[in-house]
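**Q** Let me begin by handing over the structure; questions about it come next.
The values are calculated or read from the model by the stated rules, or taken from the named source; none is laboratory data. Since the structure is predicted, the reported quantities are computational estimates derived from the model, not experimental observations. Positions of Cβ are backbone-derived with ideal geometry, glycine not excepted, and every protein chain shown enters the neighbour counts. The protein model used for the area step is the full one, side chains on, heavy atoms only, and it has no ligands, DNA or RNA in it. Shrake-Rupley method; radii C 1.70, N 1.55, O 1.52, S 1.80 Å.
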Amino acid sequence: KKSEVSGVMTKADIKPKAIHDAEKWSHDVENLYRFQQAGYRDEVEYKQVKQVDTVEYWPETGFVKKLQRRDNTFYYYNKQRECKDSDVHKVKVYVY
């Protein structure tokens, strides 16, 4: 029983080991861009804060479809790429 509790504690408190700016657009950078627009580091932090197991993705592209911000309003995203080349360098990539 004790190990289950400590396992939950460490899982809920995952912190990135390193951070760097994205250099070129990719599928992962697109999804990070969407999480960061909604006020989260990435999918890991979103799931921790919102206490959800899954995130909605567009089946056609695999991009994030909908996110709930911290103030409980929703962001809805297109199927197509939204992160412009000029915004790629603003996206933070977290390493765990």
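**Q** Among the numbered conditions (1) in a helix (DSSP H, G or I); (2) closer than 14 Å to His27 by Cβ; (3) not basic (Lys, Arg), tell me where Glu45 comes up short.
**A** That leaves (2) as the condition not met.
**Q** I need every pair where a residue in region 73-96 that is under 19 Å from Pro16 (Cβ atoms) and open to solvent by 100 Å² or more (accessible area, probe 1.4 Å) has its Cβ under 8 Å from the Cβ of a residue that is assigned to a strand (DSSP E or B) and not aromatic (Phe, Trp, Tyr), sequence separation at least 6 or different chains.
**A** His89/Asp21; Lys90/Asp21
**Q** Mind checking which residues of region 48-72 are open to solvent by less than 70 Å² (accessible area, probe 1.4 Å) and free of Cβ contacts under 8 Å to residues at least 24 places away in the same chain?
**A** Filtering region 48-72 down to residues open to solvent by less than 70 Å² (accessible area, probe 1.4 Å) leaves 48-50, 52, 55, 58, 61-69.
Answer for region 48-72, where residues must be open to solvent by less than 70 Å² (accessible area, probe 1.4 Å) and free of Cβ contacts under 8 Å to residues at least 24 places away in the same chain: Val49, Lys50, Val52, Val55, Trp58, Thr61, Lys65, Lys66.
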